[in-house]
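Data block below; observations after.
The values are calculated or read from the model by the stated rules, or taken from the named source; none is laboratory data. Keep in mind it's a predicted model, so treat the numbers as computed, not measured. All Cβ positions, glycine included, derive from the backbone under ideal geometry; neighbour counts span all protein chains shown.
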Amino acid sequence: MTDGSPAVPQGPNAPQAPARSRLAESFVPVGSILLLAMMIGLVLGTAGKTLGYDYSCYAGAARNLLDGKPIYDNAFSISVGTCPGTYTYPPAFAVALVPWLSLGGAAAGLWCLAMALCFLAGVSLLPVRRDVRWLIVIVAALNWPLLYAVKLGQVEPILFLGFAATWRWMDRASVVGAATAIGALIKVQPGLLAVWAIATGRYRAAAIGISATVVLAAAATVVTGPGAWATYVDLLRGLGGTLTTPHNFAPGAIAYQAGATESVATVVQLASAAVAAAALLVAWRFASPVASLQVTIIAGQLLSSPLRDHYAVLLLLPTAWLVARGRTWAVVFPLVGWIALLADGSDGTWLAAASVPLTFFGCLAVVLAEAFTERRVQAALAPATPAPE
């Protein structure tokens, strides 16, 4: 006769059950990390001369600082965005890279590994369920933009880490402010976090971010001189002329590749930026802080020209948000990044290149739709306001 309590496992295999359970639970974490490590190792091992290709731009600017030379290439108006040789980032980032030069010949490879670690650190900070985080690691191992960014030594993994920290600690003004300042001094787009903070009532975070940006920029100016910032601003103005340069996946550049004139391509690019800006305004006005942060991450890239395929690393953030809300099919957004490999610049491959902006806009549309679904659900669950007597 039993008393209704669960039966205790008997027999020689009983003690092994908990061990088997723990082994099964550890399989996904260990397997996902090993898969990512294997894929990154494969890409780095076959990179050849392209290992740290973009890092060479950063290192070149830092080395010019040490040699007392200008950090920007005078020919940037002609060949802007080409590497190595043309540095297109804020002066402060070049100053920050100077200590890394002490690593000598190993600097490029170590930088690429550091980018992989930055991505993993960002995933560990994502405020989603543990199973979602491991799924993102698995998807990242199959995500060409991430593998490509790590191989080149691109800075997207650093930005991923900053956005992830902002998402996790969005109510900590110091964290949001630090992510804003560091991101804005690496690339312009993360500066939108300050505007997002203001739009969501996080005024202290915005003040910290803006103040820290000014202070760090001023400190960097002591090393670079004010002329470097003037040249950088001039460079930013010239970025609109990159629609005809290779390996640009901005909508205007795709239109040019498809046969449009340069003036028509410019109109297409301006229209694309207008749509992205409108999405930002709508999200900041109507969406929840978390949802509007995802929109800010996506739209910030669409406001950029040039738009590179490795920028899609940041789509793993809204993908994690969507998957955590039950939209597991959203993993398709980072997985389609392989299509861009078919865009070799020859005639007829503009359709493959178009997959990059289409993926960004598709993810943006889904996030906005999910944000409004979230808003309707919250409104339905909110207690009704009692009628005045």
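Key figures
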item	result
Search result, residues across region 208-231 that are of a type in the set (Gly, Ala, Ser) and under 23 Å from the mean Cα position of the chain (by Cα)	GLY209, ALA212, ALA217
Whichever residue in region 38-55 is surrounded by 14 or more Cβ atoms within 10 Å (Cβ to Cβ) and assigned to a helix (DSSP H, G or I) and, among such residues, is modelled with the lowest pLDDT	THR50
Failed item, numbered, when LEU235 is tested on (1) of a type in the set (A, V, I, L, M, F, W, C); (2) modelled with pLDDT of 95 or more; (3) within 26 Å of ASP67 (Cβ to Cβ)	(2)
Subset of region 251-283 that is polar (S, T, N, Q) and part of a helix (DSSP H, G or I) - its residue that is surrounded by the most Cβ atoms within 10 Å (Cβ to Cβ)	GLN257
Within region 284-307, tally of residues that are part of a helix (DSSP H, G or I) and either farther than 16 Å from ALA197 by Cα or hydrophobic (A, V, I, L, M, F, W, C) (or both)	11
Subset of region 154-204 (residues that are assigned to a loop (DSSP other than H, G, I, E, B) and among the basic types (Lys, Arg))	ARG172, LYS187, ARG202
Residue in region 160-172 that is closer than 26 Å to ARG63 by Cβ, of a type outside the set (Lys, Arg) and in contact with a Cys (Cβ under 7 Å, 6 or more places away or on another chain) present	yes
Evaluation of GLY240 against (1) assigned to a loop (DSSP other than H, G, I, E, B); (2) at pLDDT below 95 (one fails), failing number	(1)
Pair list, Cβ < 6 Å and 6+ apart or interchain, from region 112-136 residues that are on the phi > 0 side of the Ramachandran plot to residues that are acidic (Asp, Glu) and assigned to a helix (DSSP H, G or I)	none
Among (1) closer than 26 Å to ALA217 by Cβ; (2) surrounded by 20 or more Cβ atoms within 10 Å (Cβ to Cβ); (3) within 17 Å of the chain's Cα centre (by Cα) - the single one PRO90 does not satisfy	(3)
Residue list for region 119-131, restricted to those being over 17 Å from MET38 (Cα atoms), outside any loop (DSSP other than H, G, I, E, B) and at pLDDT 95 or above	ALA121, GLY122, VAL123, SER124, LEU125
Per-region count, region 209-251, residues in contact (Cβ under 8 Å) with a residue 60 or more places away in the chain and of a type in the set (Ser, Thr, Tyr)	6
Evaluation of GLU370 against (1) assigned to a helix (DSSP H, G or I); (2) surrounded by fewer than 17 Cβ atoms within 10 Å (Cβ to Cβ); (3) not small (Gly, Ala, Ser) (one fails), failing number	(2)
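Yes or no, residue by residue, for (1) surrounded by 13 or more Cβ atoms within 10 Å (Cβ to Cβ); (2) modelled with pLDDT under 90; (3) part of a helix (DSSP H, G or I); (4) not β-branched (Val, Ile, Thr):
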residue	(1), (2), (3), (4)
ASP3	no, yes, no, yes
VAL8	no, yes, no, no
ALA17	no, yes, yes, yes
LEU65	yes, no, yes, yes
ASN74	no, yes, no, yes
CYS83	yes, yes, no, yes
